[in-house]
Amino acid sequence: MSGLPCEAARVHARDVATRARLVPPDEARRIAVRAQLLDGSPTSVLDTVRRLGFLQIDPISTVAPPQQLVLWSRLGQYDVGKLDRLLWEERALFEWNAYIWPIESLPLVQALMRRRRRSRRYAHERRGAELLKANARFTRFVLAELERSGPMPSREIEGDAKRDWPSHGWYGDRNVTLLLEILHSYGVVAVAGRQGKQRLWDLAERWYPEVERVPEREADRELAEQRFRALGVRLTPRGWEAHPDVAGTPVPDRVTFLSPFDRLIHDRDRAEALFDFRYRLEMYVPPAKREYGYYVLPILVGDRLVGRIEPRLDRRSGTLEVVGAWGDTSRADEALASLAAWLGADLTHK
């Protein structure tokens, strides 16, 4: 959907539901793998993000940050710096709500931003609105600082600001960061770069390009169609319903590992129904109660999830260590060699 003119995208979104078809489980599995580009078909970082719709951002990087690991699963040994260049130099991608989106999706995301400004459905939305209302003067100060000196990290604003409200239990001492995150969700400010893990903030009107305004209902429909296309199949009471634009032909016999945040397995119940593979992330499970390990990656071979592996990157020694492995790991060394080379690490086994 990304890259299509908006009107053409809307027509396509309306047409998809009438052309969806029921498929047997083995074909559903192939369609899901192909839709998620785990068949070796993507050609570049930008092509991959456009076709997937978005990448989830998360700070956990036992091996690599999820947004980078998801790309490796599909592209192999790609230039990891390309993602940052697409975000901050070429501006072909943008960051919002802990996701990386193609710039073609900005009109749809801005519809979500407008909804966020109005919504009081959830407690955190009500708290955010109350915070801005109670601190309107300080909000104006923050926006003026960004207009004068942005892009800049929150700590620079915090260093100069005289905060005129007490800290509160639900956000601790992160007053400025929290305020910026609320304004970001509203589309008032934008993430305009990063210094290490620190986000650089700027006014949204200065960072985002001008795009057409899409009604919220149209945006919902287009985004739902994008998600369906990227997932390939959805489970309905009638069975597996397939997106009409994704082929169910045999998947190449390639092997890779999946990030715990990979959309092929993000919905754990769907993944179990589709692959007969029960997967849970056990980071927050006490060690003694873990079934497998802290940060375990599923092993995908062709269109089957066949096992699990727990690699861990030691950045100080530059080694990729295999902490544990389960199930069929007969093809794991192929993916491990690629992963270690991409990370620039030596491979060791515990």
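Checking each residue in the stretch 66-91 for being closer than 16 Å to ALA192 by Cα and in contact with a strand residue (DSSP E or B) (Cβ under 7 Å, 6 or more places away or on another chain) picks out LEU86, LEU87, TRP88. Of all the criteria given as (1) closer than 19 Å to TRP96 by Cβ; (2) open to solvent by 90 Å² or more (accessible area, probe 1.4 Å); (3) modelled with pLDDT of 90 or more, the one not satisfied by ARG114 is (2). Which of (1) out of contact with any Ser or Thr (no Cβ under 8 Å at 6 or more places or on another chain); (2) farther than 27 Å from ARG114 by Cα; (3) open to solvent by less than 30 Å² (accessible area, probe 1.4 Å) is the odd one out, the single condition PRO42 does not satisfy? Against the list (1) out of contact with any Ser or Thr (no Cβ under 8 Å at 6 or more places or on another chain); (2) farther than 27 Å from ARG114 by Cα; (3) open to solvent by less than 30 Å² (accessible area, probe 1.4 Å), PRO42 comes up short only on (1). Whether a residue is open to solvent by less than 30 Å² (accessible area, probe 1.4 Å), assigned to a helix (DSSP H, G or I) and either at pLDDT 95 or above or within 14 Å of ALA219 (Cβ to Cβ) (or both) was assessed, and LEU106 passes this test. Examine the stretch 327-345 for a residue that is in a loop (DSSP other than H, G, I, E, B) and open to solvent by less than 20 Å² (accessible area, probe 1.4 Å), and state whether such a residue exists. Within the stretch 327-345 (the criterion being in a loop (DSSP other than H, G, I, E, B) and open to solvent by less than 20 Å² (accessible area, probe 1.4 Å)), the answer is yes, since at least one residue qualifies. Within the stretch 276-292, can one find any residue that is without any contact (Cβ under 8 Å) to a residue 60 or more places away in the chain, touching a helix residue (DSSP H, G or I) at 6+ places or on another chain (Cβ under 8 Å) and among the hydroxyl-bearing types (Ser, Thr, Tyr)? Yes, the stretch 276-292 contains a residue that is without any contact (Cβ under 8 Å) to a residue 60 or more places away in the chain, touching a helix residue (DSSP H, G or I) at 6+ places or on another chain (Cβ under 8 Å) and among the hydroxyl-bearing types (Ser, Thr, Tyr). Here GLU158 meets each of (1) modelled with pLDDT of 90 or more; (2) part of a helix (DSSP H, G or I); (3) not small (Gly, Ala, Ser) with one exception, condition (1).
SER73 meets each of the listed conditions (1) open to solvent by less than 40 Å² (accessible area, probe 1.4 Å); (2) touching a helix residue (DSSP H, G or I) at 6+ places or on another chain (Cβ under 6 Å) apart from (2). Here is the figure for the stretch 183-202: residues that are open to solvent by less than 20 Å² (accessible area, probe 1.4 Å) and either at pLDDT below 95 or of a type in the set (A, V, I, L, M, F, W, C) (or both) total 6. Among the residues making up the stretch 45-60, none is modelled with pLDDT under 95 and surrounded by 23 or more Cβ atoms within 10 Å (Cβ to Cβ).
Taking the stretch 207-315 as the region of interest, the strands (runs of 3 or more DSSP E) fully inside it that hold 2 or more residues being among the aliphatic types (A, V, I, L, M) and open to solvent by 20 Å² or more (accessible area, probe 1.4 Å) are 304-314.
So that you can scan it fast, the table gives a plain yes or no per residue for (1) in contact with a strand residue (DSSP E or B) (Cβ under 6 Å, 6 or more places away or on another chain); (2) more than 26 Å from ALA204 (Cα to Cα); (3) without any contact (Cβ under 8 Å) to a residue 60 or more places away in the chain:
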| position | (1), (2), (3) |
| --- | --- |
| PRO25 | no, yes, no |
| ILE31 | yes, yes, no |
| ALA64 | no, yes, no |
| TRP101 | yes, no, yes |
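Within the stretch 118-132, being over 13 Å from LEU183 (Cβ atoms) and either surrounded by 16 or more Cβ atoms within 10 Å (Cβ to Cβ) or not hydrophobic (A, V, I, L, M, F, W, C) (or both) holds for ARG118, SER119, ARG120, ARG121, TYR122, HIS124, GLU125, ARG126, ARG127, GLU130.
The values are calculated or read from the model by the stated rules, or taken from the named source; none is laboratory data. The structure displayed is predicted, hence computed values, not measured ones. All Cβ positions, glycine included, derive from the backbone under ideal geometry; neighbour counts span all protein chains shown. Surface accessibility is based on the protein's heavy atoms, side chains included, excluding ligands, DNA and RNA. Shrake-Rupley method; radii C 1.70, N 1.55, O 1.52, S 1.80 Å.
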